[in-house]
Structure formats: C-alpha cells, structure tokens
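See below for the structure under consideration.
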Amino acid sequence: MREWQAGRVDGGYAAPTPPDGGVERLAVQTLDEMRDRCLLTDEQHAEIGAWVSQARTPEAILAMPEGLWRTLELASVLMDVDADLRRPPELSFG
C-alpha cells in the first residue's frame with residue numbers, strides 16, 4: 001500500500017524536507033544515485049523523474065503508474081533508503 005509521510009520523497013522514503021522547492025531537487029538527486037548504481041535504467045530514470053517533476057502534491061506522486069512505482073520501490077529497498085528509520089535516535093544530554 002502506498003503511503004505518504006511528511007518529510008519524505010521518492011514514494012514515501014525517508015529524506016529531510018528541504019525548503020523552497022528543494023524536494024524536487026532532492027528527489028532528482030536520489031533518482032540520479034539509483035541510476036548511477038544501476039538500479040534504474042536511463043529510461044526508468046527519465047520516466048520517474050518526469051512524473052515527480054510534474055507532480056505538485058504528494059497525492060500526485062502516489063498516482064504514479066504501478067509499474068514505475070514498483071521499480072522505484074525496489075530500487076529504494078536495494079539502496080536501503082530507510083536505514084535512518086531503523087536506527088535508534090541519538091540522545092544527547094547537555
């Protein structure tokens with residue numbers, strides 16, 4: 001099931017929310033890294049990038065065609081983009 005959580009991009013995976021349009025830039029950087037690691041083909045990179053860049057809301061991103069969504073999810077799992085979510089929070093007492 002597709003879920004969107006605040007502060008996340010690329011299909012709901014962990015990333016800080018950058019200010020003023022930085023979400024799209026962050027999504028493109030993540031897609032570039034997926035392509036560079038051979039987790040996406042050039043065609044998949046272009047299709048997903050075009051979808052994300054035209055989407056203006058989280059709901060619009062979630063409406064991505066199923067095949068592209070599955071590709072993005074698999075690349076995200078293989079890249080372990082959720083690693084930060086599994087780490088215990090750092091506590092500092094100062």
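The values are calculated or read from the model by the stated rules, or taken from the named source; none is laboratory data. As the structure is a computational prediction, the values presented were derived from the model and not from experiment. Neighbour counts run over all protein chains shown; Cβ positions are idealised from the backbone, glycine included. Accessible surface is based on the protein model in full, side chains and every heavy atom, while ligands, DNA and RNA are left aside. Shrake-Rupley method; radii C 1.70, N 1.55, O 1.52, S 1.80 Å.
Beta carbons closer than 7 Å, at least 6 apart along the sequence or on distinct chains, pair a first residue in region 37-59 that is hydroxyl-bearing (Ser, Thr, Tyr) with a second that is open to solvent by 40 Å² or more (accessible area, probe 1.4 Å) for Ser53/Glu24.
Looking at region 66-87, which of the residues that are part of a helix (DSSP H, G or I) and acidic (Asp, Glu) is modelled with the lowest pLDDT?
Of region 66-87, the ones part of a helix (DSSP H, G or I) are 66-79, 83-86.
Retained after the next criterion (residues that are acidic (Asp, Glu)): 66, 73, 84.
Values: Glu66: 95, Glu73: 91, Asp84: 69.
Restricting to residues being part of a helix (DSSP H, G or I) and acidic (Asp, Glu), the top hit is Asp84.
Scanning region 9-56 for residues that are modelled with pLDDT under 60, open to solvent by less than 40 Å² (accessible area, probe 1.4 Å) and in contact with a strand residue (DSSP E or B) (Cβ under 7 Å, 6 or more places away or on another chain) yields Ala14, Ala15. Looking at Ala63, is it open to solvent by 50 Å² or more (accessible area, probe 1.4 Å) and modelled with pLDDT of 90 or more? The answer is yes for Ala63.
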